[in-house]
Amino acid sequence: MDGIVGIYSPDDNELVNKTFLATGACQHRGKASTGLAIANRKGIYVHKGLGRIAEVIDYNTIKTFQDLEPVAAIGNIGYTKRKIAEKINSEPIEIYPKTYSKFKIVLTMDGYLIKDDDLRTELEMDYSLQTDNKTEVVGALLHKYVIQDGITFEAGEKLVNKLHGRATFALTALVHDGKEIYLIALNDSKAFEPFCYSTIDGAFVVSSESCSHRRLNGLTEKEYDGAEMTICSSKGNETKRLREETMMPDIFQGVYYGNVGSLFRGKEIFQIRRELGLKLTDYYKNSRADVVIPNPESGWGVTVGVAEGLKKKLFPALIKLPQAVRTFQEGAQQTRSQEVGLKFGGIDSLLKDKNIAMGDDSIVRGSVSEGGSVWVVYNSGAKFIEFWISYGPMFFPSFKEWHRGIECLDELAVQRAFADDNPYDKTLEELNSAVAKLIGVDEVRYNLQENILKIAGKGSFQALDASYPIDEEFWPDWLKLEFDKYKRSRK
């Protein structure tokens, strides 16, 4: 869930500032680290650190990098790779071969690689791997194939095929061959991670979110299909699809992760979320609510649709406080609950003695209620809460959490609600009732997967039905057993 950017624009006096602005526009969650890398005809230079982009990249950094007359640049706002953010794992990352190579590569990536031990073993003879970051493994493989085939589509195809079925990625890379600079953009064969490009005032701009193009006063030309690669050089820019595969874009990007102004497979994310809210009101036709409120910030879109569908007043009665901290990545349930409690404040005059329809994007672990936003709404005097959820019941964890073991399954709200039972053979109404009791609201109203499919399109619904972009041979054993149970229950 990193935000990544790449820009190729020789003789551009604003190249570094454009990269700064485009990178900062990305919504991707985390933002625990930031980095920029620029390349000129002499080499590649990296500046990165812990913190948000305005804390790491200042005016002097931008000016210094611009004075180096760059040809291309890449940027990253980083998701925390470990529980404690470490600068060494921040991006962009430089690849260090153990023997001389004329090719220098610095890259950044949004995505995840499963079980990389064998790949590290394969690479350690030829590369000095500096980090625990899987981006470095992908970058070393790219370097290896560039040595074999040059800066070509053949090198990109080898990387795609090597990682097929065990990784999702969208990457931008700067490559220096000793004479000139190349910018490479490449994604995985299933197009799981969002990735798009545009040409704005002569600059080729690739980003993990289309809002980067709007920030530079441009429009997105195209979202990448699977295994699509762009090579930018002094000879021009060329894009080619390297492997034909059924695409599986991550539907949760449209429901939760993405910036509301960005595109998701051609559709504005805000409208996806609004339409999900309208679909909810088509299914749950009755409501006791006096007013509708969002669970900020990602709950706004669905709540607009719910309010529109119910023909009820929409109030910002729950506010995110200035001292709010990010809790999405916090692993400990108690710590998450305590931190969620610091995030929100309620407006008593809008909530007291009211029946509330509260909209949110999803229920993952359920910590939103334990000392969090639900408690704040009740504490402000609300009598009754209907919790309207744009996504469906989340039975399975993200594959990016598998490394934590079976606890990433057991901590999910649906699994907790049926800790001594089987959640997979329950009706939607039974799921709604059990999760409502778990998180402490009067009602939960989950969405139907068929409705989400109609609005967001085909893709990976990994949390709802285990439609992972990862081949089953790479699944952990505990997940294989759980999925077998799921299939038996759904027959």
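The values are calculated or read from the model by the stated rules, or taken from the named source; none is laboratory data. Fair warning: this is a prediction, and the values are worked out from it, not measured in the lab. When we count neighbours, we look across all protein chains shown, and the Cβ atoms used for this are built from the backbone with ideal geometry, even at glycine.
List of remarks:
- Yes/no for I439 being assigned by TED's automatic domain parsing to the domain that holds S287 and within 21 Å of S489 (Cβ to Cβ): no
- Considering segment 309-327, and only residues there that are exposed (fewer than 13 other Cβ atoms within 10 Å of the Cβ) and not basic (K, R), the residue that is modelled with the highest pLDDT turns out to be L321.
- Residues considered: S298, S367, S390. Of these, the only one that is under 23 Å from the mean Cα position of the chain (by Cα) and modelled with pLDDT of 95 or more is S390.
Conditions (1) touching a Leu at 6+ places or on another chain (Cβ under 6 Å); (2) outside any helix (DSSP H, G or I), marked per residue:
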| site | (1), (2) |
| --- | --- |
| E122 | no, no |
| Q130 | no, yes |
| A140 | yes, no |
| K144 | no, no |
| A155 | no, no |
| K158 | no, no |
| N161 | no, no |
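- Within segment 47-82, tally of residues that are in contact with a Gly (Cβ under 9 Å, 6 or more places away or on another chain), of a type in the set (K, R) and more than 24 Å from S128 (Cα to Cα): 1
- If you go through segment 343-359 and pick out every residue that is assigned to a strand (DSSP E or B) and modelled with pLDDT under 95, you end up with 3.
- When residues of segment 451-476 are limited to those that are outside any helix (DSSP H, G or I) and more than 16 Å from the chain's Cα centre (by Cα), the one surrounded by the most Cβ atoms within 10 Å (Cβ to Cβ): I470
- The C-beta contact set for segment 29-51 (first residue under 11 Å from L174 (Cα atoms) and in the same structural domain as P194 (by TED's automatic domain parsing), second residue in a strand (DSSP E or B) and among the aromatic types (F, W, Y), distance under 7 angstrom, 6+ apart or interchain) comprises A37/Y45; I38/Y45.
- Some residue of segment 328-338 being crowded, with 21+ Cβ neighbours inside 10 Å, within 30 Å of C408 (Cβ to Cβ) and at pLDDT below 95: yes
- Only one of the listed residues (I231, I269) is of a type in the set (A, V, I, L, M) and within 30 Å of G309 (Cβ to Cβ). That residue is I269.
- Candidates G150, G178, G236, filtered to the one that is at positive phi, in contact with a Lys or Arg (Cβ under 7 Å, 6 or more places away or on another chain) and assigned by TED's automatic domain parsing to the domain that holds Y45: G178
- Filter result (crowded, with 20+ Cβ neighbours inside 10 Å and within 24 Å of F474 (Cα to Cα)) within segment 120-144: L123, N133, K134, T135, E136, V137, V138, G139, A140, L141, L142, K144
- Filter pass, F169 being in the same structural domain as E91 (by TED's automatic domain parsing), in contact (Cβ under 8 Å) with a residue 60 or more places away in the chain and in a strand (DSSP E or B): yes
- Single condition A191 does not satisfy, out of (1) buried (at least 22 other Cβ atoms within 10 Å of the Cβ); (2) modelled with pLDDT under 95: (2)
- Taking the numbered list (1) part of a helix (DSSP H, G or I); (2) farther than 19 Å from T99 by Cα in turn, L186 passes all entries but (1).
- In segment 411-426, the condition of being part of a helix (DSSP H, G or I), in the same structural domain as Y446 (by TED's automatic domain parsing) and touching a Phe, Trp or Tyr at 6+ places or on another chain (Cβ under 6 Å) is met by at least one residue.
- Any hit, segment 184-195, residues being assigned by TED's automatic domain parsing to the domain that holds E136, in contact with a Gly (Cβ under 7 Å, 6 or more places away or on another chain) and acidic (D, E): yes
- Within segment 113-163, the set of residues being touching a residue at least 60 places away in the same chain (Cβ under 8 Å) and out of contact with any Ser or Thr (no Cβ under 6 Å at 6 or more places or on another chain) comprises I114, K115, I151, T152, F153, G156, E157, N161.
- Selection status of T99, among the polar types (S, T, N, Q), closer than 26 Å to Y468 by Cα and in the same structural domain as G202 (by TED's automatic domain parsing): no
For every residue, the table says whether it meets (1) of a type in the set (D, E, K, R); (2) touching a Ser or Thr at 6+ places or on another chain (Cβ under 9 Å); (3) over 24 Å from E275 (Cβ atoms).
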site	(1), (2), (3)
L431	no, no, no
K437	yes, no, yes
V444	no, yes, no
A466	no, no, yes
I470	no, yes, yes
F483	no, no, yes
S489	no, no, yes
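- Counted residues, segment 233-261 - those being in a loop (DSSP other than H, G, I, E, B), within 21 Å of the chain's Cα centre (by Cα) and modelled with pLDDT under 95: 4
- Failed item in (1) in contact with a Lys or Arg (Cβ under 8 Å, 6 or more places away or on another chain); (2) surrounded by fewer than 23 Cβ atoms within 10 Å (Cβ to Cβ), with A227 passing the rest: (2)
- Annotation note: of S287, S298, S262, the sole residue that is farther than 25 Å from D2 by Cα and not assigned by TED's automatic domain parsing to the domain that holds G165 is S287.
- Test: I114 is modelled with pLDDT of 95 or more, among the aliphatic types (A, V, I, L, M) and under 23 Å from V205 (Cβ atoms): no
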